[in-house]
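Q: Below is a structure I'd like to ask you about.
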Amino acid sequence: MAGKVHNLRHSAKLVAALVVLALVTGTAALAAGGHSQASDTLVFGASADPVSLDGSLINDGESIRVVKQIVQTLVAQAPGTTNLIPQLATKWKNSPNGKVWTFTLRHGVSFSDGTPFNAKAVCYNFDRWYNYTGALQNSSVSYYYNLVFGGFKTGATAKNAVYRSCRAIGSGTAIITLTKPFGPFLGALTLIPFAIQSPTALLRYGANKGTLSKDGVFVPSGTYGTQHPTGTGPYKLESWTVGDKLTLVRNDKYWGKKPFLRRLIFRPIADNAARLQALQTGEIDGYDNVEPQDIATIQKSSGLKIVNRPSFNVGYVTINQSMKPFDNIKVRQAVAYGLDRASVVNAFYAGRGSVASQFEPPSVAGWNPNVTKYPYDPNKAKQLLQSAGLTLPVPVEFWYPTNVSRPYMPDPPRNFQAFAASLEKSGFKVTAKSAPWRPDYLGAVIGGTGGALNLLGQTGDYADPESFLGILRSNQQFGLPASNPLYTKLNAALSVTNLEKRAAMYKSINQYIAQTLPGVPYVNTKPALAFKKTVVGFKPSPTLNDNFELVRFSK
Amino acid sequence: MLRYAVRRLLLLVPILLGLSILIFAWIHALPGSPAESLLGERASPESIAQIRSQLGLDKPIYVQYWRYVETVGGGDLGTSIATRRPVTDEIKQRFPATVELTLAAGFFAVLIGIPLGFFTAKRNGSIWDQGGLVVSLIGVSIPIFFLALILKYIFSVRLGWLPSVGRQDVLISAKHPTNFYVLDGIVTGNWDAAWDAVKHLILPAVALASIPLAIIARITRASVLDVQNEDYVRTARAKGLPPRTVDRRHVMRNAMLPVTTIIGLQVGLLLSGAILTETVFAFPGLGTWIQAAIENRDYPVLQGGILFVGIIVVLVNLVVDLSYGLLNPRIRLAGR
């Protein structure tokens, strides 16, 4: 009995000791709350690490966000807009034939490694991209060069190359010659992949060196893209520990006004909820792509705020005109009147969406406020179907994707259900068909073998109408015959280089699209960022060209 | 013993072969393909076909499998599509984080689980025992993901006691010669960094330890109850040995045999739980890496990373089996 009591005492002591240990650990951790915030350092919660810091070899948002602070482009966008402004080029002019661009360069600019920025450096960068060979030509590596400039000096795509040559006149003038007049050229030059990087650093740190792995991935063997990105921007790389943090510090050689913040730290936190909580605990000062359901929580919090990014996407329903009776404009008009877009946008986008009227968002040149509108009107839709000689209800196969969420389409099945219900009230008999987003759904819809109606959308690549309207020209999903006048109009606009003239042409194209209805755009959404209320001066760019130069902490 | 060890080592061959077939089959059953992951969703069918041909994805499945075995056998686990870094480099960087977290969780589970099991066994049938049972049941049944969120909400967001993400405060400047952050802090004499790394480990380790802790506590309890009625324990008591000595030398030592096996088996549980825990706490280990690879359809990472984790689990289980042999003379001597 005595032994048992002793045993119990002993085990009780052991448990008590462990509890004390746990308490000590917990109490000692008391001091851990948040981090000691330095007012000249901003910690931004990224959703992932950058893929590379070599501007020309990136296409993902997280890489672009970081590299944007290090490098600059000849032409830039005014903060928070897509309006073009001078950056490394102070002015430019285009030749009468539209093929030759003369850029006058900013004087007194140097790269963060101390080497001068000049016309030779500009030409070195353009020639570098154009002369990519092997793995570097892979569209997963040089995505934007492939997209904008069509092809390289050598290889299968050479015949499509838009770029021909670059000539340096003295140190202050670069003349770039293209193979054809190319309207989107200036807008595309605002893309970070076309930023001018230090030729000396590119060479010294082997930016072009690398191999294609057995998995088809470009593996750099130089250290330029991981340790030595060098540009003319307000910040330069201090250190990068993948998975942990990437630190930028002020570039003392920056030609412009010194940024307020001395350091920018990008911390990868993949999970959305974890990013929100890190903001709440003060471990980060801001993050992007706030989930719609978290917006109310942030707005209610006294120390946090939501910042809206202008919309740069559009959600739409495509109509495949190769499927009868959708070749008839009256039937397509009936679809447009029969889709209750306002209800869907109001019900499913948590206040982040607005009803779209065209295939490009309002932030892009050529958006036309006066296009033909199709407010929800089921009776008018039925009349149109009857006047087309059809018996109601008109059967229609309507496809929607599963296993996907996009800013313009957070929950496709829900959008589909609401649209299907409104179409059924408008004289249609909807047959639902769904498929996993990739490859089944996209493959079928883009290849023109999906439904007559398909739920789709896109986020733009760069600030030019071509980036949005190009989709109408380049595939079969709309079932347009090759002779369709839309192609002629789009091709004509593509070769016009005067910005005002282009905008006018695209306004006219947008009206033509609204009248001929290859599809029905229904939503533009605004992504949200969250910051501490003390963070001021951040102007989100529609195209993710976010600039931290003017960001600071309020007192 | 040697024969037993060799037999167990030889068994690794079919196990690893089976594992590689399972992983290969699973990756091929996933929707999409590496070609589409590489080129993005708006890639043209022609460029996808070209990449498929480049990567040999148009070859018969057994040819692809053999190529996979050859590559992996040569120590090349491929290259991440998302980060363009070799999978082995990523493992070198992330594995220490997961090991650190797993060790911390294992330490916590053993440190609390064994005494708790012993304590409740000694108070068999009492209110303490019932309480221990309830705690264990909660530990086993509450999803790690949910527990992690609750812990984080209470101790990070509401109370602000502990950090909510990562392995170290980003404002701390520290060197990482081994990538084991606690160890790095100690080795480099940067005590602030070491202590900060410990603070970052507490919540994820507690969340991750919940299930193993409950299991260890229940197994210890059952084992102690079993052993303390054995003849040799009664004999030891009858000889007049002090109760502490009986518990230490006769009860615990023998009761630990099944517990050791269970602890070894928990490594698999800890590693799978690490995927969820690391995601919630943005802890940059293998878990967040594999989770991101699933979302990005990063096939080389999935193939290489899961194979690596599988091999680790198999090896740990082997070590446990061998150590079980060392602890248990009946196994140790069986081969003679």
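Q: Pick out the one residue from A:358, A:383 that is within 27 Å of residue A:427 (Cα to Cα), surrounded by 15 or more Cβ atoms within 10 Å (Cβ to Cβ), without any contact (Cβ under 8 Å) to a residue 24 or more places away in the chain and out of contact with any His (no Cβ under 7 Å at 6 or more places or on another chain).
A: A:383
Q: Can I ask one more? Just to be sure, is residue A:99 surrounded by 15 or more Cβ atoms within 10 Å (Cβ to Cβ), basic (Lys, Arg) and either touching a helix residue (DSSP H, G or I) at 6+ places or on another chain (Cβ under 9 Å) or touching a residue at least 40 places away in the same chain (Cβ under 8 Å) (or both)?
A: So residue A:99 passes the test.
Residues checked against (1) closer than 30 Å to residue B:71 by Cα; (2) surrounded by 20 or more Cβ atoms within 10 Å (Cβ to Cβ):
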{"position": "A:174", "(1), (2)": "no, yes"}
{"position": "A:180", "(1), (2)": "no, no"}
{"position": "A:206", "(1), (2)": "yes, no"}
{"position": "A:224", "(1), (2)": "yes, yes"}
{"position": "A:227", "(1), (2)": "yes, no"}
{"position": "A:257", "(1), (2)": "no, no"}
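Q: Further, regarding this structure: Here are B:317, B:328: which of them is at pLDDT 75 or above and surrounded by fewer than 19 Cβ atoms within 10 Å (Cβ to Cβ)?
A: Sole residue among the options that is at pLDDT 75 or above and surrounded by fewer than 19 Cβ atoms within 10 Å (Cβ to Cβ): B:317.
Q: While we're on this one: Step by step: first the residues of the range B:153-173, then only those that are of a type in the set (Gly, Ala, Ser) and over 15 Å from residue B:201 (Cβ atoms), then the one that is nearest to the other protein chains (Cβ to nearest Cβ). Which residue is that?
A: Going through the qualifying residues, I end up with B:160.
Q: Which members of the range B:119-152 meet the condition of being part of a helix (DSSP H, G or I), within 11 Å of chain A (Cβ to nearest Cβ) and free of Cβ contacts under 8 Å to residues at least 24 places away in the same chain?
A: B:119, B:128
Q: Give the residues of the range B:111-135 that are of a type in the set (S, T, N, Q), within 20 Å of residue B:260 (Cβ to Cβ) and out of contact with any Gly (no Cβ under 9 Å at 6 or more places or on another chain), sorted by residue number.
A: Hits for the range B:111-135: nothing passes.
Q: Separate question: Quick one: residue A:448 ticks every box in (1) at negative phi; (2) touching a residue at least 40 places away in the same chain (Cβ under 8 Å); (3) surrounded by fewer than 23 Cβ atoms within 10 Å (Cβ to Cβ) except a single one, so which number is it?
A: It is condition (1) that residue A:448 fails.
Q: Right, here's the next one. Residue pairs, Cβ under 6 Å, 6 or more apart or interchain, first in the range B:1-28 and closer than 17 Å to residue B:315 by Cα, second assigned to a helix (DSSP H, G or I). List them.
A: That search, which allows pairs on different chains as well, returns B:4/B:325; B:5/B:322; B:8/B:318; B:8/B:321; B:15/B:314; B:19/B:310.
Q: Right, another one. All but one of (1) within 30 Å of residue A:467 (Cα to Cα); (2) more than 14 Å from every other protein chain (Cβ to nearest Cβ); (3) crowded, with 20+ Cβ neighbours inside 10 Å; (4) touching a Gly at 6+ places or on another chain (Cβ under 8 Å) hold for residue A:310; state the number of the condition that does not hold.
A: Answer for residue A:310: the failing condition is (3).
Q: What are the pairs, 6+ residues apart or on separate chains, where a residue within the range A:133-149 that is under 15 Å from residue A:220 (Cα atoms) and assigned to a helix (DSSP H, G or I) has its Cβ under 7 Å from a residue that is at pLDDT below 85 and not small (Gly, Ala, Ser)?
A: A:134/A:212; A:135/A:141; A:135/A:211; A:135/A:212; A:135/A:218; A:136/A:218
Q: Consider residue B:236 carefully, then state whether it is in a helix (DSSP H, G or I), of a type in the set (A, V, I, L, M, F, W, C), farther than 24 Å from residue A:246 by Cα and within 12 Å of chain A (Cβ to nearest Cβ).
A: yes
Q: Of a type in the set (Lys, Arg), in contact with a strand residue (DSSP E or B) (Cβ under 8 Å, 6 or more places away or on another chain) and in contact (Cβ under 8 Å) with a residue 24 or more places away in the chain, is that true of residue A:414?
A: no
Q: I need every pair where a residue in the range B:180-205 that is within 18 Å of residue B:95 (Cα to Cα) has its Cβ under 6 Å from the Cβ of a residue that is acidic (Asp, Glu) and at pLDDT 90 or above, sequence separation at least 6 or different chains.
A: Hits for this filter: B:180/B:100.
Q: Cβ-Cβ under 9 Å, sequence separation 6+ or interchain: first residue in the range B:244-261 and within 11 Å of chain A (Cβ to nearest Cβ) and on the phi < 0 side of the Ramachandran plot, partner crowded, with 20+ Cβ neighbours inside 10 Å and not in a helix (DSSP H, G or I). Which pairs?
A: Close Cβ pairs (under 9 Å, with a partner that is crowded, with 20+ Cβ neighbours inside 10 Å and not in a helix (DSSP H, G or I)) amount to B:246/B:228; B:247/B:228; B:251/B:228.
Q: When you check residue A:93 against the structure, is it free of Cβ contacts under 8 Å to residues at least 40 places away in the same chain, over 24 Å from residue A:288 (Cβ atoms) and not hydroxyl-bearing (Ser, Thr, Tyr), yes or no?
A: yes
Q: Those residues that are surrounded by fewer than 18 Cβ atoms within 10 Å (Cβ to Cβ) and closer than 30 Å to residue B:286 by Cα, I need them from the range B:232-259; list them, please.
A: Passing the criteria: only B:258.
Q: Condition test on residue B:268, is it farther than 30 Å from residue B:231 by Cβ, crowded, with 24+ Cβ neighbours inside 10 Å and not aliphatic (A, V, I, L, M)?
A: no
Q: Separate question: Looking at (1) closer than 15 Å to residue A:451 by Cβ; (2) among the aliphatic types (A, V, I, L, M); (3) modelled with pLDDT of 95 or more, find the lone condition where residue A:323 falls short.
A: For residue A:323, the failing item is (3).
Q: Now for a different question. Can you report the number of residues in the range A:476-498 which are surrounded by 17 or more Cβ atoms within 10 Å (Cβ to Cβ) and not aromatic (Phe, Trp, Tyr)?
A: Residues flagged as surrounded by 17 or more Cβ atoms within 10 Å (Cβ to Cβ) and not aromatic (Phe, Trp, Tyr) within the range A:476-498 amount to 11.
Q: Right, another one. Please verify whether residue B:183 is touching a helix residue (DSSP H, G or I) at 6+ places or on another chain (Cβ under 9 Å), of a type in the set (A, V, I, L, M), more than 20 Å from residue B:282 (Cβ to Cβ) and at the interface with another protein chain (Cβ under 9 Å from one of its Cβ atoms), treating the condition exactly as stated.
A: Here the answer is no, as residue B:183 does not meet what is asked.
Q: Test of understanding: among A:403, A:379, A:370, which residue is under 31 Å from the mean Cα position of the chain (by Cα) and away from chain B (no Cβ under 14 Å)?
A: Sole residue among the options that is under 31 Å from the mean Cα position of the chain (by Cα) and away from chain B (no Cβ under 14 Å): A:370.
Q: Looking only at residues that are at pLDDT below 90 and not in a loop (DSSP other than H, G, I, E, B) in the range B:153-181, which one is surrounded by the fewest Cβ atoms within 10 Å (Cβ to Cβ)?
A: Among residues in the range B:153-181 that are at pLDDT below 90 and not in a loop (DSSP other than H, G, I, E, B), the one surrounded by the fewest Cβ atoms within 10 Å (Cβ to Cβ) is B:158.
Q: (1) within 28 Å of residue A:490 (Cα to Cα); (2) in contact with a Phe, Trp or Tyr (Cβ under 9 Å, 6 or more places away or on another chain); (3) not acidic (Asp, Glu): which one isn't true of residue A:159, the others all being true?
A: (2)
Q: While we're on this one: Quick check: is even one residue across the range B:193-212 out of contact with any strand residue (DSSP E or B) (no Cβ under 7 Å at 6 or more places or on another chain), more than 14 Å from every other protein chain (Cβ to nearest Cβ) and closer than 30 Å to residue A:266 by Cα?
A: Checking the range B:193-212: at least one residue is out of contact with any strand residue (DSSP E or B) (no Cβ under 7 Å at 6 or more places or on another chain), more than 14 Å from every other protein chain (Cβ to nearest Cβ) and closer than 30 Å to residue A:266 by Cα.
Q: While we're on this one: Inspect the range A:95-102 for any residue being modelled with pLDDT of 95 or more, in a strand (DSSP E or B) and aliphatic (A, V, I, L, M) and give the result as yes or no.
A: yes
The values are calculated or read from the model by the stated rules, or taken from the named source; none is laboratory data. As the structure is a prediction and not an experimental result, all values here were calculated from the model. Every residue, glycine as well, gets a Cβ built from its backbone with ideal geometry; the counts of neighbours run over all protein chains shown.
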